[in-house]
Amino acid sequence: MSDLLSFQRRFASALENPGLVPAAHPTLRRAIRVHRNTAMKAAQDALADNYPVVRALVGEEAFAACAAGYAEANPPCDPRLCIYGRQFDAFLSGYVPFGSLPWLAGMARLEWLHIEALVAADNRALSSTSGQIGVDTRLSLHPAVRMLAYDAPVASLWLAHQPWAAAGAIERVEWQPEVALVTRPAHKVIVMVADPGMAAFLSACERGESLGDAARTADEAGGDVAQIFAALIAAGAFLKLEWRNR
Amino acid sequence: MTAGLGFKLQHFAEALTARADGLWFEVHAENYMVDGGPRLAALMALRERHAVSLHGVGLSIVSADPPSADYLRRLQMLAERVSPAIMSDHLAWQKWGGTHHSDFLPFPRTREALGFAADNLSRVQDLLGRPILVENPSLYMDVSGHEMSETEFLIELAFLSGCGLLVDVNNVFVSASNLGFSADDYIDALPAALVGEIHVAGHSPDGDPNSSLIIDSHGAPVSDPVWRLYERLVGRIGARPTLIERDTDIPAFADLMAERAHAHALIRATEGTHV
């Protein structure tokens, strides 16, 4: 093994287990701690940035302890810390201290989808229903669109935790299963609750069904198709036709 | 480009409309190495108004493995989009066994390490078609096995790869204090022709009361000894684009602009004496 590789192997293992550095070398021990702290803090800060609602729900102190556990178990593998925390929902499902909030993993999932939407490609969204669109048209979803069906109202809870939410919004959240829809019209990520008709319509489009078939599915789910379609267009959910094959 | 600031998204509106002689902005390249979205759009809007520098924190120059194809592709795409005035990264390593350690880790400065670093830099520079400036890291421990000093290593690296240097004066101060060498001697050993940019930043004492280390925290205003080292450097080599780095406890934009005005005045005064 090269000298550099053998040094890096020993250094990386000391970073993982700073306790293994001999106590006879206190300066070295402290330096390893400093390096470890810097890397861990960067990961934990990134996680805190990417999961603001989970953080608000559990409180800063509890989140910090949980983030330290996550960063230990799932250290960054990509230098782009702006997209750190992909497995946080799975980690939360098994995180005992938050056992009384089993739906927290769903909130983490939604916040991750928010990050994915934030950094998705800038393809143009379909902005009008006129033109070449008919019942046979198959629309593609915009790359920033994400959907999450969950057995707790995570989208409503997310909305209630935004700075612009009305006072008392959290208390008024009705506890029921929900489909969350994440889109990014005009460079701003939005989260909304998709009613069953809208969720059915969008899922049908995602499966590649024609607008006519998607409308039938939505209608069967009890939705007002014209209203649903207009809301999805306004939310930038579909790709502009010319962008489909790019 | 005189004195620049690190660009923070929360200062977007103020940064966009700020008007000051020689003002420029630096961003961490990795934060924008994504497919699209509002953050990238904010950077594109910023670069319409101000010169921008892409400062990498993840190239892991001193690694036996070259940077990943995905990393290089994204860096190249970003560079094409932004047309940055300057591109840079650090003399350090971060990746090991699939983990990215978000810090600038030390290594023995051997001929072997120099070869790896020069190969990695050449690969990136060939792809980008431009030189990268390499920044000296903050050191906290004395690694054994060095075959050359850090300045000798950087000069050799520039000779082998064609890279330039980004001199972080605060890092020189921190390393010199932690490892017990002369910061003045280090500054005096840097060849003027290689230096393309300078960083100044604040540092903090280690939180551990038993430790005498000082930490490159980027969380405090630039200290007086760092300004003195800075003046020593530019007094000898002349003015260079200078970044005020601040990454934690970020003050109001106006406060950053005031600190920046100090650096700007020093640079203009230096230019007056180097014609």
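The values are calculated or read from the model by the stated rules, or taken from the named source; none is laboratory data. Computed from a predicted structure; not experimentally measured. With ideal geometry, Cβ positions are generated from the backbone for all residues, glycine too; neighbour counts draw on all protein chains shown. Ligands, DNA and RNA are excluded from the accessible area calculation, which covers all protein heavy atoms including side chains. Shrake-Rupley method; radii C 1.70, N 1.55, O 1.52, S 1.80 Å.
Exactly one residue among A:14, A:23, A:67, A:42 is open to solvent by 60 Å² or more (accessible area, probe 1.4 Å), without any contact (Cβ under 8 Å) to a residue 40 or more places away in the chain and either more than 18 Å from residue B:93 (Cα to Cα) or within 14 Å of chain B (Cβ to nearest Cβ) (or both), and that residue is A:23. Out of the residues in the stretch B:1-42 that are within 22 Å of the chain's Cα centre (by Cα) and polar (S, T, N, Q), which is surrounded by the fewest Cβ atoms within 10 Å (Cβ to Cβ)? Among those that are within 22 Å of the chain's Cα centre (by Cα) and polar (S, T, N, Q), it is B:10.
Say whether the condition of being in contact with a helix residue (DSSP H, G or I) (Cβ under 7 Å, 6 or more places away or on another chain) and in a strand (DSSP E or B) is met by at least one residue in the stretch B:2-16. Yes, the stretch B:2-16 has at least one match.
Considering only residues in the stretch A:72-105 that are among the hydroxyl-bearing types (Ser, Thr, Tyr), in contact with a helix residue (DSSP H, G or I) (Cβ under 9 Å, 6 or more places away or on another chain) and part of a loop (DSSP other than H, G, I, E, B), the one that is farthest from residue A:38 (Cα to Cα) turns out to be A:95.
Of A:160, A:152, A:166, A:121, which residue is small (Gly, Ala, Ser) and within 14 Å of chain B (Cβ to nearest Cβ)?
Exactly one residue qualifies, and that residue is A:121.
Restricting to the stretch B:43-57, and then to whatever is touching a residue at least 12 places away in the same chain (Cβ under 8 Å) and open to solvent by 10 Å² or more (accessible area, probe 1.4 Å), can you tell me which residue is nearest to residue A:9 (Cα to Cα)? Taking the candidates together, the pick is B:57. Residue A:113 passes every criterion in (1) free of Cβ contacts under 8 Å to residues at least 12 places away in the same chain; (2) within 14 Å of another protein chain (Cβ to nearest Cβ); (3) over 24 Å from residue B:58 (Cβ atoms) apart from (1).
Could we say that residue A:57 is at pLDDT 95 or above, open to solvent by less than 20 Å² (accessible area, probe 1.4 Å) and either part of a helix (DSSP H, G or I) or within 8 Å of chain B (Cβ to nearest Cβ) (or both) here? Taking the combined requirement at face value, the residue does not satisfy it.
Among the residues making up the stretch A:45-54, a single one is at the interface with chain B (Cβ under 10 Å from one of its Cβ atoms) and either over 35 Å from the mean Cα position of the chain (by Cα) or open to solvent by 60 Å² or more (accessible area, probe 1.4 Å) (or both): A:45.
Take the residues of the stretch A:231-242 that are open to solvent by 40 Å² or more (accessible area, probe 1.4 Å) and within 16 Å of residue A:138 (Cα to Cα): which is modelled with the highest pLDDT? Among residues in the stretch A:231-242 that are open to solvent by 40 Å² or more (accessible area, probe 1.4 Å) and within 16 Å of residue A:138 (Cα to Cα), the one modelled with the highest pLDDT is A:240.
Taking the stretch B:86-181 and the helices (runs of 4 or more DSSP H) fully enclosed by it, the elements with 1 or more residues that are facing chain A (nearest Cβ under 10 Å), charged (D, E, K, R) and surrounded by fewer than 21 Cβ atoms within 10 Å (Cβ to Cβ) are at B:111-128.
Just one of the listed residues (B:268, B:232, B:260, B:246) is charged (D, E, K, R) and without any contact (Cβ under 8 Å) to a residue 60 or more places away in the chain, namely B:232. Taking the listed residues B:222, B:226, the one that is within 29 Å of residue A:32 (Cα to Cα), among the β-branched types (Val, Ile, Thr) and part of a loop (DSSP other than H, G, I, E, B) is B:222, with no other qualifying.
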